[in-house]
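Notes for the one structure printed next.
The values are calculated or read from the model by the stated rules, or taken from the named source; none is laboratory data. Because the structure is a prediction, the values reported are computed rather than measured. Note: ideal-geometry Cβ built from the backbone for every residue, glycine included; neighbour counts use all protein chains shown.
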Amino acid sequence: MTLLPAELNLTDLFAVIVDAVVACDEQQRILLFNKSAEQIFGYTQDEVLSQPLDVLLPERFVEVHRRHFAEFAASPVASRAMGERRPIYARRKNGEEFPAEAAIVKLQRAEGRLFIVLLRDITQRQRIESELRAQAQQAAVAAERSRLARDLHDAVTQTLFSVSVIADVLPRIWERDPEEGRRRLKELRQLSRGALAEMRTLLLELRPSALMEANLSDLLRQLAASVNSRSGVEVDVHIEGETELSPEVKVSLYRIAQEALNNVAKHSNASHAWVALTTRPADNGAHGTQVRLVISDNGCGFDTTISKPTHIGLDIMRERAAAIGAQLDIRSAVGAGTTVQVEAVL
């Protein structure tokens, strides 16, 4: 047995469907308003029949909706999701606005075309999604605080402990061997400066807005000092050009440099690293500023033809570069170090 579409009783179907079903003619006059629509909008069917569809819309969206409705009516498309260009909002009888998902279908009848809108109130879903996002953000903050606490203990606390030990024995060393005393005093000075740089870097993580306020060249020098203090890797910083960058670009470049230098400290077995930031007018007559950030080291490197270095944060750096429309290039070879280059025209 085959059931033809014409044999379906759409009135019964619309009566039990859980979404709001609103049918109107080409003049956007409401011809059908199911039970779910009554519950969602607060109107009875008798109150809205023959009324313009505008009564269900926030006033600020009425003109836009009329234009989109006319475009859909004139197009050969039989159905489409509403809200492809902007979020959908509807209005209840009491004036309350609510977010919605909706789709529209047009049917050809002998008396003319019929337009059917299926609409779902997503207020509760958005509330749940918002709560889940807030919970995820809280979990991320807790995880970040835990990481900062570990870094504080592993880096700054241990450095300050070393400072304390050297300071305690320095007077006796100096009395016994002034030359050794001077060497230890230099070491004490380096450790103190390193601990200060590391502490400043950690404070930036606790107050991200400071990243946007600070100069990128200062941030890179501070980052280099922090890495040197933590790992012993000498990091030279070279800055060429002084162009004010947007906060988004500044933070992205800083994070890429941070990820790259962390990889140097943890994985490269390098003794030296270099950071170069260059800003200059764009080449080839293009408008804007050309920005190039290069982080390189003299470490062990890796074979790029067989390695998939996602474990060293390549994905993170790619995402950061893509966010500002920059190109990321990573070059490496076994025994020849690694170079990370980010370049963009802003």
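Applying the condition of being in a loop (DSSP other than H, G, I, E, B) and of a type in the set (D, E, K, R) to region 20-56 and asking which residue is farthest from Asn94 (Cα to Cα) yields Glu26. Within region 223-248, the only residue that satisfies the criterion of being part of a loop (DSSP other than H, G, I, E, B), crowded, with 18+ Cβ neighbours inside 10 Å and β-branched (Val, Ile, Thr) is Val233.
Close contacts from region 237-249, counting a first residue that is farther than 16 Å from Val275 by Cβ and a second that is surrounded by fewer than 14 Cβ atoms within 10 Å (Cβ to Cβ), with Cβ to Cβ under 6 Å and a gap of 6+ residues or different chains, come to Pro247/Met212.
Scanning for something surrounded by 14 or more Cβ atoms within 10 Å (Cβ to Cβ) and more than 22 Å from Gln39 (Cβ to Cβ), does region 91-107 turn up at least one residue? For region 91-107, residues surrounded by 14 or more Cβ atoms within 10 Å (Cβ to Cβ) and more than 22 Å from Gln39 (Cβ to Cβ): present.
The lone criterion from (1) charged (D, E, K, R); (2) assigned to a strand (DSSP E or B); (3) in contact (Cβ under 8 Å) with a residue 60 or more places away in the chain left unmet by Arg255 is number (2). Exactly one residue out of Gln126, Gln108 is over 15 Å from Phe69 (Cα atoms) and under 25 Å from the mean Cα position of the chain (by Cα): that is Gln126.
Quick check on Arg255: is it in contact with a helix residue (DSSP H, G or I) (Cβ under 6 Å, 6 or more places away or on another chain), surrounded by 15 or more Cβ atoms within 10 Å (Cβ to Cβ), within 30 Å of Ser192 (Cβ to Cβ) and at pLDDT below 85? Judged against the criteria, Arg255 is not a match.
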